[in-house]
């Protein structure tokens, strides 16, 4: 009987993990009769989550079955309900509700993350998000439907709760989208409400002047040092007691790792990520590896930890997929390292910001930055073509960036 490698999650880490696993098996002269690799995910498509702030989010996905078929990876459609590490089995619920158990010899957890939704009154009932594909489609439809309402300041106002990466990209995209809905001369208002004290605080000092310039150019208001205290159908109330009338509120404040992490480890960081060894093995659970948003992994010798981003998930997925197979075959595993780090922040019609390094040294801005962002969003983060040689090459964990 063949040994079994199970990859839980079909996001960036899971897809590139599958490529890397298949690549090492090919290099070792192994077939599915020796080691069967299975990817479990609710849908046979990679949702291009970093693009969900853009219009037409229903188009932001890439089919997986042709690619998986090309590299000999089995696909199981369903949601993982339970990981039973003692039994080395995973319980999966199919779309029709049927439950089945899948055994494994090694498991790679790549189940990603979800938007953090704290118990803010009215958040679940009245706020939109761009967290998952369905969320982004719902927001897109809502914005289009606003044109049928009487023109009021509230109709033409969007509050974006959270001024981090996603909040900034969405907020700077919205002026153009709203003018396309209401007309070129419509008076619109986009307001970012951010608990932190600085514009783009999580991105450091170097990008800040560029972000401020873009926000001012686009007319996007950034209110720092305040938080949304409650949300209703007509707007928000902040913790300072101010009310902002708005028919549209979008929540972008923070991420948390998949809750499946708690089933493979009791050692989680504040974001819910599992602690892993340098080769991405879950601490205390040696037959389980983790990659992407679920793993708290060091990227370099300077003490930087991977962020919840597709940039880190893709590279980590390659190492995770390679190592889960290597460990099973008795081949030396590789230490995950990702020394090159870049930041590319879309800033709507103004352009984009591209920086390199953890200190984010600015390299490109405005139109030149936008060209780089467009290349990233439309080419670099998409899976390779379903050609076996091309796909296996894309799974090389030692591919360098920059």
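The values are calculated or read from the model by the stated rules, or taken from the named source; none is laboratory data. From a predicted model like this one, the values you see are computed outputs, not experimental measurements. As a convention, Cβ positions derive from the backbone with ideal geometry for all residues, glycine included, and neighbour counts pool all protein chains shown.
Observations on the structure shown:
- Assessment of the range 187-201 against the conditions (exposed (fewer than 15 other Cβ atoms within 10 Å of the Cβ) and outside any loop (DSSP other than H, G, I, E, B)) yields no matching residue.
- Condition broken by residue 302, with the remaining ones in (1) out of contact with any strand residue (DSSP E or B) (no Cβ under 7 Å at 6 or more places or on another chain); (2) part of a loop (DSSP other than H, G, I, E, B); (3) closer than 25 Å to residue 109 by Cβ; (4) touching a residue at least 12 places away in the same chain (Cβ under 8 Å) satisfied: (3)
- Selection of the range 74-105 for residues being without any contact (Cβ under 8 Å) to a residue 60 or more places away in the chain, buried (at least 16 other Cβ atoms within 10 Å of the Cβ) and outside any strand (DSSP E or B) yields only 78.
- Among residues of the range 115-138 that are in a loop (DSSP other than H, G, I, E, B), those with a beta-carbon under 7 Å from a residue that is surrounded by 19 or more Cβ atoms within 10 Å (Cβ to Cβ) and at pLDDT below 95 at least six positions away or on a different chain give the pairs 116/253.
- Condition met for residue 301 (surrounded by fewer than 14 Cβ atoms within 10 Å (Cβ to Cβ), assigned by TED's automatic domain parsing to the domain that holds residue 110 and over 21 Å from residue 37 (Cβ atoms)): yes
- Positions within the range 207-263 being touching a strand residue (DSSP E or B) at 6+ places or on another chain (Cβ under 7 Å), assigned by TED's automatic domain parsing to the domain that holds residue 108 and free of Cβ contacts under 8 Å to residues at least 60 places away in the same chain, in sequence order: 262
- Condition broken by residue 325, with the remaining ones in (1) crowded, with 18+ Cβ neighbours inside 10 Å; (2) free of Cβ contacts under 8 Å to residues at least 60 places away in the same chain satisfied: (2)
- Where residue 256 falls short, out of the listed (1) under 25 Å from residue 48 (Cα atoms); (2) part of a strand (DSSP E or B); (3) touching a helix residue (DSSP H, G or I) at 6+ places or on another chain (Cβ under 6 Å): (3)
- Residue within the range 30-43 that is at pLDDT 95 or above, under 23 Å from residue 378 (Cβ atoms) and buried (at least 21 other Cβ atoms within 10 Å of the Cβ) present: yes
- Sole residue being surrounded by 16 or more Cβ atoms within 10 Å (Cβ to Cβ) and part of a helix (DSSP H, G or I), chosen from 370, 363: 370
- Checking residue 170 against (1) surrounded by fewer than 16 Cβ atoms within 10 Å (Cβ to Cβ); (2) in the same structural domain as residue 145 (by TED's automatic domain parsing), the condition it does not meet: (1)
- Residues satisfying the stated conditions in the range 117-130, i.e. touching a helix residue (DSSP H, G or I) at 6+ places or on another chain (Cβ under 8 Å) and surrounded by 17 or more Cβ atoms within 10 Å (Cβ to Cβ): 128, 129, 130
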